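Asks: Sharing a structure below in structure tokens format, with a few things to ask.
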Amino acid sequence: MSDDQGVLYSVDVELSAPVKPTEVADRVVETITGLFPTADVETHGDRVTAECHDVETFREQLFEQRILDTARKEFLRNQTDSGFSFDLKKQAAYVGKVNFSVGSPDELGDLHVEVTVNEPDVESFIAYLAPRTEDGKPVEADE
């Protein structure tokens with residue numbers, strides 16, 4: 001994928017969330033497609049899983065909500081050699097908002113997101129997805 005800034009990336013995003021007995025599976029599906037509209041979603045009984053390769057809607061939401069520093073911290077905290085993972089609160093995601101789940105999981109369960117970065121490297125992709133900021137505005141990476 002590439003965006004209007006010419007940033008090229010190749011990622012595999014795997015998402016999963018439990019469907020509690022009090023929930024409707026379709027709403028959990030909408031929770032995923034609200035932030036990741038190109039996701040290929042499947043329901044397996046009490047679990048919804050999805051896969052996609054496009055993070056643009058999610059990235060736009062990080063910028064719009066002005067939570068780049070929080071997102072960056074969360075991505076770096078859960079970074080591996082091949083990518084990173086994070087959990088989102090399902091209720092916020094259902095209305096298209098990003099709210100990281102830190103600490104104990106929500107009673108409805110969290111939306112777990114696993115990102116495998118193929119191109120470029122993990123650090124560069126995190127810098128693209130959630131750049132460093134100064135006074136709340138993204139700053140160019142140090143060259």
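The values are calculated or read from the model by the stated rules, or taken from the named source; none is laboratory data. These numbers come from a predicted model, not from an experiment. Cβ: placed from backbone, ideal geometry, glycine included. Neighbour counts: every protein chain shown. Protein only, heavy atoms only, side chains kept; ligands, DNA and RNA dropped before computing areas. Shrake-Rupley method; radii C 1.70, N 1.55, O 1.52, S 1.80 Å.
Asks: Have a look at 75, 58, 48 and report the one farthest towards the positive end of the charge dipole of segment 29-86, computed about the Cα centre with Cβ charges (Lys/Arg +1, Asp/Glu -1).
Replies: So the residue we want is 75.
Asks: Residues of segment 36-58 with backbone nitrogen within less than 19 Å of a virtual label 7 Å along the Cα-to-Cβ line of residue 118, please, listed as ranges.
Replies: 37-41, 50-57
Asks: Any idea of the accessible area per residue across segment 1-98, 1.4 Å probe, to the nearest Å²? Intermediate results must be reported in sequence, preceding the final value.
Replies: On the way: 5310 Å² over 98 residues.
For segment 1-98, the per-residue accessible area is 54 Å².
Asks: Can you work out ³J(HN,Hα) from phi for every residue in segment 118-123, in order, using Karplus 6.51 cos²θ - 1.76 cosθ + 1.60 and θ = phi - 60°, giving whole Hz and x for Gly and Pro?
Replies: 8, 9, x, 9, 4, 4
Asks: For the chain, what is the calculated [θ] at 222 nm in deg cm²/dmol (nearest 500), taking -39500 (n - 2.57) for each run of four or more DSSP H residues and dividing by its residue count? Please list the in-between numbers first.
Replies: Numbers: 5 runs with 44 residues, N = 143.
After summing the helix terms and dividing by the residues of the chain, the value is -8500 deg cm²/dmol.
Asks: Spelling out what I want: for every residue of segment 27-41, take phi, set θ = phi - 60°, compute 6.51 cos²θ - 1.76 cosθ + 1.60 (Karplus), and round to whole Hz; glycine and proline get x.
Replies: Calculated HN-Hα couplings, in order: 5, 5, 4, 5, 4, 6, 6, x, 9, 10, x, 8, 5, 8, 9 Hz.
Asks: List every residue whose amide H lies under 5 Å from the amide H of residue 19, counting only residues 5 or more places away in sequence or on a different chain, with H placed 1.01 Å from N in the peptide plane.
Replies: Distant-sequence amide H within range of residue 19: 47, 48.
Asks: At residue 27 and residue 80, where each label point lies 7 Å from the Cα along Cα→Cβ, what is the point-to-point distance in nanometres?
Replies: About 3.2 nm, to one decimal.
Asks: Continuing with this model, one more query. Carbon-plus-sulfur fraction of the accessible area of the chain, 1.4 Å probe, in percent? List each step's numbers first, then the result.
Replies: On the way: 3640 of 8030 Å².
With neighbouring chains kept in place, the figure for the chain is 45 percent.
Asks: Using the Karplus equation 6.51 cos²θ - 1.76 cosθ + 1.60 (θ = phi - 60°), what ³J(HN,Hα) coupling, rounded to whole Hz, does each residue of segment 44-57 give in order, writing x for Gly and Pro?
Replies: Coupling constants for segment 44-57: 10, x, 9, 8, 10, 10, 8, 9, 7, 10, 10, 10, 4, 5 Hz.
Asks: Out of all Cα-Cα pairs in the chain, roughly what percent, to the nearest whole number, are more than 21 Å apart? Before the final figure, lay out the partial values.
Replies: Values: 4080 of 10153 pairs.
In whole percent, the share of Cα-Cα pairs in the chain beyond 21 Å is 40.
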